[in-house]
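Each remark here refers to the structure printed beneath this line.
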Amino acid sequence: MSKDIILKAENISKQYRLGQVGTGTLSHDLNRWWHEIRGKENPYLKIGDTNDRSTKGKSDYVWALQDINFEVERGEVLGIIGKNGAGKSTLLKILSKVTAPTTGSIKSRGRIASLLEVGTGFNGEMTGRENIFLNGAILGMTKKEITAKIDEIIEFSGCERYIDTPVKRYSSGMTVRLAFAVAAFLEPEILVIDEVLAVGDAEFQKKAIGKMQDISRGGGRTVLFVSHNMAAVRSLCTRGIVLENGKVVFDGGIDESIEKYHNKTSNYDSFFRRNKLKPLNEIGFEQIEIKDEKGELINEFSFDEKIIIDFNLISKNNINENNRYKLFCTIVNQKGARVCSFESDLIKTNQIKLEIDADFLVRGVYYLHAFIHIPGLLRVDMVNEVCSFEIVDEKSILSIHGAYDYGQVFGKGKWIYKSEIVRRN
């Protein structure tokens, strides 16, 4: 039985010229034209650096994407994951035909609805109701089809009170709610969702993921989903593609994709240091270290050991009674699910330690999120997956049955035993 392919990317590459708007200089454009009329290849396709934003390149040209090939079947939910700058959003813009690829082609069957940025396709001067009709028309829907769905769209978005108010007065969360409702309820064959759902609150994210599951499983429609929330990716997607520096480094099952992503982004790094404080923050993380009880940097622990997390902070002003802060620390597992969180008291020092007993964590790799909050101010500093460590223990019975999924934590319950065994014939 042949596959029902609804979307196909063939040799997709996208090249940009750094520091310029458009294709570059007039001389470069003339050079391209001269090669084209002689039937020769674009000379600038032979040059360009890989899209590694952490290194200084040697060329003015960079490949945001390079030789991307994949197929998506009807009804499949594809997760596209990778670090910031890996090329995820560029790929979605090409798939949505917002921008054209430098080389390669996209073949699709049916309507594509895209939600790439907050307010994509919305006119701020028009009301929410008018924007529903505008977006529906862009997606190729008739006025009759939109009218039949408009009540469901408004109800799902939760913006009924403001539906006849200009969108420019909406918050970013309200805008995303309405935009997602339009994209989902107007029933496109392919729904493309970028990181925008992170703007919504927890209730809306849950509703949105549930709706995407209904679209794919019940409606047989295709969803392409980009997110850094690995728990959401794992619960929603059936397959994953991992991008790194503009190239596909893995294409397969979603669990294997997430594991590959984590191995690429962290490599069990127990040390983090920032060169300087972000200028917008009053207080920021300067250094975070994961150590053992002897004070040595380490990234492997047994169940009977203590995990020591050292936080060093830097402040624009002296930390005192007037600008004390709270520090939050969250541990997540390889699947992106939060395992536990810790909250400090109000602090007035730039050095603090967090001591954790490892005996409640099952074997596996864990990642650290940290967050600073000054009460009464919006200025915060946040670092995600900044350090990692692994729980290993050869003595534990869990090691004997290592292939079994024991959940996220190893509970310390009180076991009560009866004094005798009652036998019945």
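The values are calculated or read from the model by the stated rules, or taken from the named source; none is laboratory data. Here the structure is a predicted model, which is why all the values come from computation and not from measurement. Heads up, the Cβs are rebuilt from the backbone with ideal geometry, glycines too, and the neighbour counts pull from every protein chain shown. Each accessible area value is taken on the protein alone, full model and side chains, heavy atoms only, with ligands, DNA and RNA left out. Shrake-Rupley method; radii C 1.70, N 1.55, O 1.52, S 1.80 Å.
With both labels modelled 7 Å from their Cα along Cα-to-Cβ, the residue 201 to residue 138 distance reads 2.7 nm.
Across 239, 221, the residue with the most accessible area heads the list, and the full order at a 1.4 Å probe is 221, 239.
Projecting label points 7 angstrom from Cα along Cα→Cβ for residue 294 and residue 84 puts them 3.7 nm apart. Computed extension length for residue 249-residue 363: 38.4 nm, one decimal, from 0.36 nm per residue of separation with the Cα-Cα distance subtracted. Ranked from largest to smallest solvent-accessible area, with a 1.4 Å probe on the protein heavy atoms, 346, 224 come out as 346, 224. The phi-based Karplus calculation (6.51 cos²θ - 1.76 cosθ + 1.60; θ = phi - 60°) puts the 3J(HN,Hα) values of region 183-189 at 4, 7, 7, 8, 6, x, 6 Hz, whole numbers, x for Gly and Pro.
Annotation: amide H-H contacts under 5 Å for residue 269 (H modelled 1.01 Å from N, sequence separation of 5 or more, or interchain): 388.
Calculated from the alpha-carbon coordinates, region 60-190 shows an Rg and a Dmax of 16.5, 51 Å respectively. Near the amide H of residue 241, within less than 5 Å, lie the amide hydrogens of 79, 80, 81, all on another chain or at least 5 residues away, with H placed in the peptide plane. Taking the three principal axes of the alpha carbon atoms in region 61-114, the coordinate ranges are 35, 22, 19 Å, sorted in descending order. Computed with a 1.4 Å probe over protein heavy atoms only, the accessible area of residue 174 comes to about 40 Å².
Gain on full extension, evaluated as 0.36 nm per residue between residue 127 and residue 306 minus their Cα-Cα distance, stands at 58.8 nm.
Note on residue 348 and residue 171: with the Förster distance fixed at 45 Å, the Cβ-Cβ geometry gives a FRET efficiency of about 0.85.
Scalar couplings 3J(HN,Hα) for region 341-357, obtained by applying the Karplus form with A = 6.51, B = -1.76, C = 1.60 to θ = phi - 60°, are 9, 10, 10, 7, 6, 5, 10, 10, 9, 9, 10, 8, 10, 10, 10, 10, 7 Hz; x denotes Gly and Pro. For residue 307, the residues whose modelled amide H falls within less than 5 Å of its own, excluding neighbours fewer than 5 places apart on the same chain, are 356, 357, 358. Across 17, 129, the residue with the most accessible area heads the list, and the full order at a 1.4 Å probe is 129, 17. Our estimate of slack between residue 235 and residue 382, defined as 0.36 nm per intervening residue step minus the Cα-Cα distance, is 50.4 nm. Applying the Karplus relation 6.51 cos²θ - 1.76 cosθ + 1.60 with θ = phi - 60° to region 245-252 yields 3J(HN,Hα) values of 6, x, 10, 7, 9, 7, 9, x Hz, where x marks Gly and Pro.
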